[in-house]
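Chemist: Below you'll find the structure I mean.
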Amino acid sequence: MNNALDFAASRKILTTLEEYRQAAAQIIARAERSLCIYTGQLEPEIYDHPAFVDPVKRLLLGKSHARLKVLIADPEYSLPESGAFMSLAHRLKSFIDIRNLPRGTAGNACAFIVADDRAVAYRMASSRWEGVVELNDQPIARYHLSHFNAAWDGSLSQSELPEWARDN
C-alpha cells in the first residue's frame, strides 16, 4: 500500500507526523489566495520544518495578494521567540497575521489548515497526528473555514493584547 498523497485522490487518512507534514505541504501547494491555520500551539515538528516553511514562503512571495492567518486556540500559549516559522512571520508580517483566542475562551481541541476554500488537513485532536486531508472538497473546506472565521472574529490581534503578551 502506497501512503503517498497525490492530487488524483481527494481524501486520505493520516496517521503519522510525516504524513501530516506531507499533507500540509500539499495543502499549501494548492493555495492561490489564502491559508488559515487553527492550532492549539505552533508545533515546531510541523511549523518549523522546511516541508512547511519553504512552500509558505514560496506562496507568500510568489503571490502578492496571498495571506496566511494563524489562530492559536490555546489562550495560555505564548508564541515562541525563535524558530523558522516565527522568523518568517517577522520578515513577512504584512502577509502573516497571528492571533490568539482571548483568555477565558474555550478553544476547540482540533487543528487544521485550510487552503482557499477547497482543501483542508484536519486533526480532531491537536495533541495527536491522526487526521484526514481533503484536497478538493469545497463543502468540507468551507465548513472548517466558517469555524475558523467565527473564531478569528472573536480573537485578539497582537496589537490588542496587553503589551507584556505581545510577540515583539
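Chemist: Run through every distinct alpha carbon pair of the stretch 16-158 and return the Kirkwood hydrodynamic radius in angstroms, one decimal place.
Modeler: One decimal place: 14.9 Å for the Kirkwood radius.
Chemist: Using DSSP to define loop residues, name the GluC sites (Glu not before Pro) in the stretch 9-54 whose beta-carbon has at most 14 other beta-carbon atoms within 10 Å.
Modeler: Answer by residue number: E32.
Chemist: Grab the Cα-Cα distance for D74 and R142, subtract it from 0.36 nm times how many residues apart they are, and report the gain in nm with one decimal.
Modeler: So the extension gain works out to 22.2 nm.
Chemist: To continue, here is another question. Can you return the aspartates and glutamates within cross-link range of K12? Criterion is Cα-Cα under 20 Å, with same-chain partners fewer than 8 residues away left out.
Modeler: In chain and number order, the partners are D116, D117, E130, E134, D137.
Where a number appears in this text, it was derived from the coordinates with a stated rule and is not lab data. Worth saying up front: this structure is predicted, and the values here are computed from it rather than measured. Every residue, glycine as well, gets a Cβ built from its backbone with ideal geometry; the counts of neighbours run over all protein chains shown.
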